[in-house]
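Data block below; observations after.
The values are calculated or read from the model by the stated rules, or taken from the named source; none is laboratory data. The model shown is predicted, which means the values in this text are computed figures rather than measured ones. FYI the Cβ positions are ideal-geometry reconstructions off the backbone, even for glycines, and counts take in every protein chain you see. Surface accessibility is based on the protein's heavy atoms, side chains included, excluding ligands, DNA and RNA. Shrake-Rupley method; radii C 1.70, N 1.55, O 1.52, S 1.80 Å.
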Amino acid sequence: MQSCSSNVSVQRDTRAWQLQVWISFGLAVFLCATGLGWLPGQALDRAFMVMGYVFCLSAAFVLAKFVRDNQHGSAPSAGDTPMWKLVVWGGFFTAMGLTGWGLLRMEISETYKAFLAVSWLFLISSAFTLAKTLRDRHEADIALARLQGRREVRAEMREAE
């Protein structure tokens, strides 16, 4: 937490939390890349799974942003249409569903499927956590800049008196 005046403070995540979030995301990416890099089977199956993981990852970040943008009040953000809501949620569920379907239908050992499934879900979970952490930091930076701007304006007003 960073204080800008005696009664106003800006809430921030700790450095330890931020480090843990980045390490978790990096580890999830590493595990997924390892699993997909050594994936047995046909080239088409491997390509499908890589595309599915990338689709899921990007859909998770888009969904996290969409939900966060719409958290304040019940009205959608400026420019969001009902169709955009359908695209965001539909894209996420389509990505997750198709990737899960592809994983289930692959002719590989159950152990390998379990590794791919757990690393994939770890990736999606850590992507949401990373998106939230980055957005929290961005909002804290904006709040701190506003508070510092107000302090400077007050100081200038005092000097002018």
Please list Phe93, Phe122 from largest to smallest accessible area, probe radius 1.4 Å, with all protein chains kept in place. Phe93, Phe122
Using a 1.4 Å probe on the protein chains only, how many percent of the accessible area of the chain belongs to carbon and sulfur? 65 percent
Could you work out how far apart the two model spin labels at Ala145 and Thr94 are, taking each label as a point 7 Å from the Cα in the direction of the beta carbon, and quote it in nm? 3.5 nm
What would the Debye equation give as log₁₀ I(q)/I(0) for the chain at q = 0.13 Å⁻¹, counting only Cα atoms as equal point scatterers? -0.76
Plugging the Kirkwood radius over Cα pairs into Stokes-Einstein for region 113-161, at a temperature of 25 °C and a viscosity of 0.890 mPa s, what D comes out in µm²/s? 176 µm²/s
Accessible area per residue for region 38-129 in Å², computed with a 1.4 Å probe and the full protein assembly in place, what is it? 60 Å²
The computed P(r) of region 21-69 puts the percent of Cα pairs beyond 18 Å at 42 percent
For Glu110, what accessible area in Å² do you get when you roll a 1.4 Å probe over the heavy atoms of the protein chains, rounding to the nearest 10? 130 Å²
Descending accessible area (1.4 Å probe), largest on the left, turns Leu123, Leu27 into Leu27, Leu123
